[in-house]
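Visitor: This is the structure I want to talk about, given as C-alpha cells.
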Amino acid sequence: MPRLDHPGPVSEVHEIAARGFGAQAAAYDRGRPSYPPDAVRWLVTRLRIGPGRRVIDLAAGTGKLTALLAGSGADLVAVEPVGAMRDVLRARLPDVPVVAGVAEALPFAASSADAVTVAQAFHWFDARRAMADLARVVRPGGRLGLIWNERDRSHAWVDAVWSVMDRVERRAPWRDHRDGRGGPGESWSERGLAGRDGWSPWTEATFFHVQRCTREQVIDRFRSVSHIAALPPARQRAVLAEVAAILDGHPDTRGRTALGIPYRVDALYAERLS
C-alpha cells in the first residue's frame, strides 16, 4: 500500500457529511447505487490500475467503488474519515486496508501513490487544498480519477422525488443557488482547477445506468442523503413520508414492487505533471 506518514487531522470533514453519513451508514450502503461496468473499466484503464500499482480510494464511504477495484490486483488502500462508514467498509472488504483521513491532509508520504480515485465525494472537499495535497502524494505521471452518479430527472416521478431533495439541500455547498438544482458533481469544475496546481487538464467521459430497487430501497436512497440523514428525527420522518407519498401516489410508481432510478455517470481524470 502507499507508504503511510503520521495520519493528518480528520476533523475537517464537512459537519453535515460527518453527522449525516455517520448516522445513516447502513442506509447509505443499502440505498446508494454502484457504478456501471463501462464507467469502471474506463476509470481503471485511464488510471492504469492493475498489479504492482499503488492506489488510494479516497473518501471511500462504505466501499461502493472500492469493491469494484479490489479485484484489479492493485495495491489498494481505502481512506474514509467517518468511523461508521469505515466499519461498513471493513466488514465488506476485510482484506483491504482502511485508514482515517481527509483529502486536504492525506496520511501518506510524498509521491507514494500511482493513482487516486474519488467516488461521489469531491464536492465535499476544499478543492484547492485537496488538489495541492493530492499533488504531493501522487507521483509525477500518476493520475487522479473522479466519478459521480448524477441525478437524471428525465422521468416525471424521479423529478418529483428529487424535488423534495431540492428543498432539503438548498443550502448545500455544491448547489447552484440560482435555481437550487445542481447535483454534487456539476459545479466543482467551475472552481478553476483544470490544468493548475501541477495537474493536466481533465479528460472526461459520460455513462448511463439504472439502479434497480424496491420501494423501500428508494426510500433508503433518500434516507442516506447527508442533508436528510442529519435532520432531527421528526423532520427526517416528514421528508421521507413525502417521498413515500409520491411513490404511492404517482401513476408511474403506484403499486409497483420494482423501480428503476436513472443516473448519468460523470467520470474524469487528470495526470500529475512532473
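Visitor: Taking the condition modelled with pLDDT under 95 and among the small types (Gly, Ala, Ser), does Gly8 pass?
Guide: The answer is yes for Gly8.
Visitor: I would also like to ask the following. Among the residues of segment 261-274, which ones are closer than 30 Å to Arg196 by Cβ, buried (at least 16 other Cβ atoms within 10 Å of the Cβ) and not aromatic (Phe, Trp, Tyr)?
Guide: Selection gives Arg264, Val265, Asp266, Ala267, Leu268, Ala270, Glu271, Arg272.
Visitor: Regarding Trp157, is this residue part of a helix (DSSP H, G or I) and either under 21 Å from Val40 (Cβ atoms) or touching a Ser or Thr at 6+ places or on another chain (Cβ under 8 Å) (or both)?
Guide: Spelling it out, Trp157 is indeed part of a helix (DSSP H, G or I) and either under 21 Å from Val40 (Cβ atoms) or touching a Ser or Thr at 6+ places or on another chain (Cβ under 8 Å) (or both).
Visitor: Please go through segment 226-258 and pick out each residue that is farther than 15 Å from Met165 by Cβ and either in contact with a strand residue (DSSP E or B) (Cβ under 6 Å, 6 or more places away or on another chain) or among the polar types (S, T, N, Q) (or both).
Guide: Thr253, Thr257
Visitor: Considering every residue within segment 216-237, establish whether at least one is over 21 Å from the mean Cα position of the chain (by Cα) and closer than 25 Å to Tyr35 by Cα.
Guide: yes
Visitor: Name the single residue, out of those in segment 114-140 being of a type in the set (Gly, Ala, Ser) and closer than 19 Å to Gly61 by Cβ, that is farthest from the chain's Cα centre (by Cα). Can you show your working first?
Guide: Within segment 114-140, the first condition is being of a type in the set (Gly, Ala, Ser), and the residues that meet it are 115, 119, 121, 127, 130, 132, 135.
Narrowing the set further to residues that are closer than 19 Å to Gly61 by Cβ leaves 115, 119, 121, 127, 130.
On the way: Ala115: 17, Ala119: 4, Ala121: 4, Ala127: 14, Ala130: 15 Å.
Checked segment 114-140; the qualifying residue farthest from the chain's Cα centre (by Cα) is Ala115.
Visitor: Still on this structure, please answer the following. Taking segment 77-118 only, how many residues are within 21 Å of Leu47 (Cα to Cα), among the charged types (D, E, K, R) and free of Cβ contacts under 8 Å to residues at least 24 places away in the same chain?
Guide: Residues in segment 77-118 being within 21 Å of Leu47 (Cα to Cα), among the charged types (D, E, K, R) and free of Cβ contacts under 8 Å to residues at least 24 places away in the same chain: 1 in total.
Visitor: Here is a follow-up. Here are the criteria: (1) surrounded by 16 or more Cβ atoms within 10 Å (Cβ to Cβ); (2) in contact with a Ser or Thr (Cβ under 9 Å, 6 or more places away or on another chain). Tell me which single one Ala258 does not satisfy.
Guide: All conditions pass for Ala258, except number (1).
Visitor: Pick from segment 114-148 the residues that are over 12 Å from Glu271 (Cβ atoms) and among the basic types (Lys, Arg): which of them is surrounded by the fewest Cβ atoms within 10 Å (Cβ to Cβ)?
Guide: Among those that are over 12 Å from Glu271 (Cβ atoms) and among the basic types (Lys, Arg), it is Arg128.
Visitor: Here is a further query. Out of the residues in segment 117-151 that are assigned to a strand (DSSP E or B) and aliphatic (A, V, I, L, M), which is farthest from Val225 (Cα to Cα)?
Guide: Ranking the qualifying residues of segment 117-151, first place goes to Val138.
Visitor: Just checking, which of Ala70, Ala23, Ala27, Ala39 is more than 19 Å from Thr203 (Cβ to Cβ) and modelled with pLDDT of 95 or more?
Guide: Ala70
Visitor: When only residues in segment 198-225 that are part of a loop (DSSP other than H, G, I, E, B), surrounded by 15 or more Cβ atoms within 10 Å (Cβ to Cβ) and of a type outside the set (S, T, N, Q) count, which is modelled with the lowest pLDDT?
Guide: So the residue we want is Val225.
Visitor: Which pairs do you get when a residue that is touching a residue at least 24 places away in the same chain (Cβ under 8 Å) and under 10 Å from Arg215 (Cα atoms), found in segment 246-258, comes within reach of a residue that is in a helix (DSSP H, G or I) and of a type outside the set (Phe, Trp, Tyr), reach meaning Cβ atoms under 6 angstrom, with the pair 6+ apart or on two chains?
Guide: Leu247/Arg215; Thr253/Leu247
The values are calculated or read from the model by the stated rules, or taken from the named source; none is laboratory data. Predicted model, so just to flag it, every value in this text is computed and none were measured. Here the Cβ is made from the backbone with ideal geometry for all residues, glycine too, and neighbour counts use every protein chain on show.
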